[in-house]
Amino acid sequence: MTSTTANRVPPCSLLTEVFHHPFLEEDASPANAEQRRLHHTLTTRATEVCMSCPHFDDCLETAISGHDIAGFVAGTTSRQRTRIRNLLHVEVKPDDMDALVGILSSGRQIATHDVVRLRRAHPDEPLDFIAQSLGCSLSTVKRHLRRARAQACEPTPLVPRGPSRGQLITAFESVTRMRRAAPAARAA
């Protein structure tokens, strides 16, 4: 791989065994000491990759202001990104994928009220339980829960412009308690 190719390809796209591991999903909780060590190792490795990535600023901006992305992105979990959005008063509407996904093999589309009903009936179960019960994907369950939360809350007014890169980095550092190196130091 040439250096120009390396600058265009985000390192996370080459480390699928880290970034696509179930333990970097929000609801996949380690059950024992060995799994906790693996979770810690994966998170540490993913954080190192993100913090040294030349695409970090763009990735963070997209993950905070552009799309409601799941998983570990730009050195953050989805909960941390939610906290950053709240600090910056950023509202990102989830992509409406129901027309493309979330339909059972019987042809019946998953309804938000079915997901919410199961979540209320089984609050201590992981979201995988709901997905298996409904015969759908984990991302479908998450999308419906986000929709239910959005419908239950008063919509917050959109900020006319998105936050500046400086504001994004400051909020990132506040929420994650990690320091991002200055651009000149990263280039060296």
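The values are calculated or read from the model by the stated rules, or taken from the named source; none is laboratory data. Quick caveat: nothing in here was measured; it's all calculated off a predicted structure. Here Cβ is always computed from backbone atoms with ideal geometry, including for glycine, and neighbour counts include all displayed protein chains. Ligands, DNA and RNA are excluded from the accessible area calculation, which covers all protein heavy atoms including side chains. Shrake-Rupley method; radii C 1.70, N 1.55, O 1.52, S 1.80 Å.
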Considering only the range 59-84, state which residues are touching a Ser or Thr at 6+ places or on another chain (Cβ under 8 Å) and not in a loop (DSSP other than H, G, I, E, B). Leu60, Ala63, Thr76, Gln80, Ile84
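Determine if the range 45-54 includes at least one residue that is of a type in the set (Ser, Thr, Tyr) and at pLDDT 85 or above.
From the range 45-54, those of a type in the set (Ser, Thr, Tyr) are 47, 52; that's our starting set.
Adding the requirement that they be at pLDDT 85 or above leaves 47, 52.
Yes, there is a match, as at least one residue in the range 45-54 is of a type in the set (Ser, Thr, Tyr) and at pLDDT 85 or above.
How many residues are farther than 16 Å from Thr77 by Cβ, open to solvent by 60 Å² or more (accessible area, probe 1.4 Å) and either of a type outside the set (A, V, I, L, M, F, W, C) or in a helix (DSSP H, G or I) (or both) when one looks only at the range 12-34? Spell out how you get there, then give the answer.
Going through the range 12-34, the residues farther than 16 Å from Thr77 by Cβ turn out to be 13-17, 31-34.
Subset that is open to solvent by 60 Å² or more (accessible area, probe 1.4 Å): 13-14, 16-17, 31-32, 34.
In the following step, the residues that additionally are either of a type outside the set (A, V, I, L, M, F, W, C) or in a helix (DSSP H, G or I) (or both) were identified as 13-14, 16-17, 32, 34.
Residues in the range 12-34 being farther than 16 Å from Thr77 by Cβ, open to solvent by 60 Å² or more (accessible area, probe 1.4 Å) and either of a type outside the set (A, V, I, L, M, F, W, C) or in a helix (DSSP H, G or I) (or both): 6 in total.
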So, first residue of a type outside the set (Asp, Glu) in the range 15-31, second residue at pLDDT below 75 and in a loop (DSSP other than H, G, I, E, B), Cβ within less than 6 Å, six or more apart or across chains; the pairs are Pro22/Ala28
Residue list for the range 147-188, filter: open to solvent by less than 80 Å² (accessible area, probe 1.4 Å), in a helix (DSSP H, G or I) and at pLDDT 80 or above: Arg147, Ala148, Ala150, Gly166, Leu168, Ile169, Ala171, Phe172, Glu173, Ser174, Val175, Thr176
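Considering each of Ala31, Ala111, Ala6, Ala74 in turn, give the residue that is modelled with pLDDT under 90 and closer than 30 Å to Ala152 by Cα.
Working: Ala31 fails: closer than 30 Å to Ala152 by Cα; Ala6 fails: closer than 30 Å to Ala152 by Cα; Ala74 fails: modelled with pLDDT under 90.
Of Ala31, Ala111, Ala6, Ala74, the one residue that is modelled with pLDDT under 90 and closer than 30 Å to Ala152 by Cα is Ala111.
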Does Ser52 count as small (Gly, Ala, Ser), within 26 Å of Pro123 (Cβ to Cβ) and surrounded by fewer than 18 Cβ atoms within 10 Å (Cβ to Cβ)? no
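Please find, within the range 55-76, the residue that is nearest to Leu127 (Cα to Cα) out of those that are β-branched (Val, Ile, Thr) and open to solvent by 40 Å² or more (accessible area, probe 1.4 Å).
Here is the first cut: in the range 55-76, the residues β-branched (Val, Ile, Thr) are 62, 64, 69, 73, 76.
Among the residues that remain, those that are also open to solvent by 40 Å² or more (accessible area, probe 1.4 Å) are: 62, 69.
Numbers: Thr62: 25, Ile69: 17 Å.
The qualifying residue nearest to Leu127 (Cα to Cα) is Ile69.
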